Every structure is written in C-alpha cells, then in structure tokens.
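Peer 1: Here's a structure for you.
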Amino acid sequence: MKYDRKILLTPGPLTTSEEVKKEMNYDLGTRDNDYQSIVQNVRKKLLCLGKVTETKYSVILLQGSGTYGVESVLTSTISTKDKVLILSNGAYGERMIQICTKGNIPFCTVTNSMINSLNLAEIEKQIAQEDITHVAYVHCETTAGVLNDICAIQKIIHKYHKISIVDAMSSFGSMDINIGELDIDFLITSSNKCLHGVPGIAIIFAKKQTINNCKNISRGLSLDLYDQYQVMENNPGSFRFTSPTHVVLALNKAIDELIESGGIINRNKRYLFLQEQIRKHMINAGFKTLVPLNIQSPVITTYLYPENFDFQKYYDYFKHNGFLLYSGKLTEYKAFRIGNIGEISDNDLEKLLYLIDNYEVDYENR
C-alpha cells in the first residue's frame, strides 16, 4: 500500500525532512568503525545540546520508544531501599505510576489536574519527607499541553537533596534546557520528538556521579541502564544488543539539521510562531483553548469542541487535505489537540490556515 504524504500535527512521531528519510537508505554494520563513530558523534552532539560535558554526564542510547527510556531509568536507579515521589498531572505521569507498580518499585504520588501545572507548595511538602529519595516528573505534559516549571521544581529537589528524574520527552529540543545548570540526575527524551528524528531510540542524559551508584539495581536485562552505560562508556559506539542502525543514522542527520538551522533557541522561536498562527485562526473559527497561555507548552495545543462539533468529520477533512490532527486524551473534556513540531514549512502552514478558515464551506462542497 502506498501512502500519500501527510503533515503530522502530533507531539511525535512527527513529519521528518526528506534528508532525514534518505539517511535510512544505508545499511551499516554495528561493529564497523564508521558506524561506531557515528554513534559517538550523536552522543557528543547531544551533550552539547544539553549544555553538559562528558566528564560529568553520559548520553545513553537505548533501543525503543521514550517509554522504554522512562522505564529503564525507574527500574534501574531506584533500589528496594529507596522511594520515588511521582509528580503527576497527566497521562505520562500516570504511566510512571504504572511502571513502578509493575516493577514493584517503592513509590508515592502527588496528583494534579491535567490542565494545571504542578503546585509548587504542595509538592514541596511531599519532597521534604525523609523517606523520599527520588523525585520523578514530566516537564512538558502533552496530555493537555501543560508546561511544568522545571527550574522551580529542580530547586526544591536540591533543597532536600533528592535525586531527580525528568521526562523531557516533548521539551528537549523545543526549548533551551541547561541540564548541567539545573543539576538534573536523569533526563529522558526520544529521537522522534523535537529532535526531528524517527521513532526507535530513547535518549537518557545521566549524571555520572549518580549512575555510578546504580550497579545491580535493575529489575530486568534489556532495560538495565547501568549496564548499557558501562558498555557505551567502555566500548565507544557499541550497544549491548542489536543497535537500531537506521534510526541512529536518521537521528544523526536530524541533529545536524537542528544545529545548522540555528539550534534549539531558533527551533523554539519557530514552534512558538507556528503555534501562535494556528491558535489565532482556530479562535477566529470559534474554538477555545483549554490550557492558560502562561503554562501552555510550545509543542501542542488542546482545543475544546464547539457546540454540535463532530471531530471525526473535522479529522477526515484535514486528513483528506494532507494533515493529521491528534485526538484528545482527556477523559474529562471533549477536546482534541494540534501539534506544531516537525518539518512544517511556510507553505504547509499557509495551507493549514486556509483549511481552518474554510472548513465549513469546503466540507459542505465535498
């Protein structure tokens, strides 16, 4: 079956550039020096993007989706004598809870509404508890599109000398995050989010001082982050198990394109521009946003259904014209989401805005 080109207005996977796609046309051997050199270059470039040095941090690549990375960190760094506090205000915080439940990891939670950022006063009370050793949270919660205050949360974590685990799946690459300055112990992201690669690699920034104390903690084999770290540090360019070669090639090219386009700061400006233009036209078309602008993430926006709205018809209309919207993941609200990350050109934007403005006329004439 041949698929027509679609612009993915989702929080990932996303629309990739033609050059990124072309990189996957090559087959490389995992034990070949050329390929291992590419793996090392990817790791070094990621360290630079995260504003950290290899003396203090390691970038660990793990085969699989972003959730594989989150599960790897949670199950490899929290011992049976530890206890993690999970700060949840959406589906991905809830997924951390599921992981800890399945893995028999000692945990407790602070749960907030998915349309509000984490309450700093409330979470500080819990972080201060003596039995808490780790704190895990999502920076950019794409369930509704809420951005949590990473700087303020990290300050509280440091105040009480806890270990931080940050799911930055949809924020790393979309905004400037100085991992070293924030002194984050573990930050997890993915190849197919704001780095504009394809699915298949979880990326973990690990503070060496912290991960060096994680030997023999892992509950499993393939997700053992400490063992993966040891192999990547001691055998440069190697994975423990089969490396996702084509995904690495695509990620390497995507990172080069990010750097050549002006880096993360310029990408953030582009995202904000796209988001603002789409939001303006959606509001003019009668839609309302769910999340207040002061906590709105720059990658995805949630829109409430107007009265008598048929989302499936709306979705089909945009799909027919080359765009894929994102259905809602909010059980309490009738809503859907529009992402604004990935390879979206000015021409793509112009067409999208036209479709938003002319939905009723165009759909009736189909």
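The values are calculated or read from the model by the stated rules, or taken from the named source; none is laboratory data. Keep in mind that this is a model prediction, so the values were computed, not measured. All Cβ positions, glycine included, derive from the backbone under ideal geometry; neighbour counts span all protein chains shown.
Peer 1: Within region 94-102, is even one residue more than 20 Å from Gly145 (Cβ to Cβ), without any contact (Cβ under 8 Å) to a residue 40 or more places away in the chain and basic (Lys, Arg)?
Peer 2: Yes: one or more hits.
Peer 1: Of the residues Lys288, Lys329, which single one is within 23 Å of the chain's Cα centre (by Cα) and not assigned by TED's automatic domain parsing to the domain that holds Thr55? Can you show your working first?
Peer 2: Working: Lys288 fails: within 23 Å of the chain's Cα centre (by Cα).
Of the residues listed, the single one that is within 23 Å of the chain's Cα centre (by Cα) and not assigned by TED's automatic domain parsing to the domain that holds Thr55 is Lys329.
Peer 1: Consider only pairs whose beta carbons are under 9 Å apart and that are at least six residues apart or on different chains; among these, list those whose first residue lies in region 218-234 and is crowded, with 16+ Cβ neighbours inside 10 Å and whose second residue is part of a helix (DSSP H, G or I) and among the aromatic types (Phe, Trp, Tyr).
Peer 2: Once the first residue is crowded, with 16+ Cβ neighbours inside 10 Å and sits in region 218-234, its partners that are part of a helix (DSSP H, G or I) and among the aromatic types (Phe, Trp, Tyr) give Ser218/Tyr226; Leu223/Tyr68.
Peer 1: Follow-up. Which of the numbered conditions does His281 fail, given that it passes all the others? Conditions: (1) surrounded by fewer than 18 Cβ atoms within 10 Å (Cβ to Cβ); (2) under 30 Å from Val73 (Cα atoms).
Peer 2: (2)
Peer 1: Consider region 157-175. How many of its residues are surrounded by fewer than 19 Cβ atoms within 10 Å (Cβ to Cβ) and either assigned to a helix (DSSP H, G or I) or at pLDDT below 95 (or both)? Explain how you work it out, then say what you get.
Peer 2: Step one: list which residues in region 157-175 are surrounded by fewer than 19 Cβ atoms within 10 Å (Cβ to Cβ), which gives 158-161.
Among the residues that remain, those that are also either assigned to a helix (DSSP H, G or I) or at pLDDT below 95 (or both) are: 158-159.
Result for region 157-175: 2.
Peer 1: While we're on this one: Out of the residues in region 125-149 that are under 14 Å from Gly93 (Cα atoms) and among the β-branched types (Val, Ile, Thr), state the one that is surrounded by the most Cβ atoms within 10 Å (Cβ to Cβ). First the steps, then the outcome.
Peer 2: Of region 125-149, the ones under 14 Å from Gly93 (Cα atoms) are 135-148.
Cutting the leftovers down to among the β-branched types (Val, Ile, Thr) gives us 135, 138, 142-143, 146.
Numbers: Val135: 24, Val138: 31, Thr142: 26, Thr143: 22, Val146: 26.
The selected residue is Val138.
Peer 1: Test each condition in (1) more than 27 Å from Gln275 (Cβ to Cβ); (2) among the small types (Gly, Ala, Ser); (3) touching a residue at least 24 places away in the same chain (Cβ under 8 Å) for Gly173 and report the one that comes out false.
Peer 2: If we test Gly173 against (1) more than 27 Å from Gln275 (Cβ to Cβ); (2) among the small types (Gly, Ala, Ser); (3) touching a residue at least 24 places away in the same chain (Cβ under 8 Å), just (1) comes out false.
Peer 1: Taking region 258-269 as the region of interest, how many residues are part of a helix (DSSP H, G or I) and either buried (at least 17 other Cβ atoms within 10 Å of the Cβ) or more than 20 Å from the chain's Cα centre (by Cα) (or both)?
Peer 2: As a first pass, look at region 258-269 and keep what is part of a helix (DSSP H, G or I): 258-260, 263-269.
Narrowing the set further to residues that are either buried (at least 17 other Cβ atoms within 10 Å of the Cβ) or more than 20 Å from the chain's Cα centre (by Cα) (or both) leaves 258, 260, 264, 267-268.
So the count comes out to 5.
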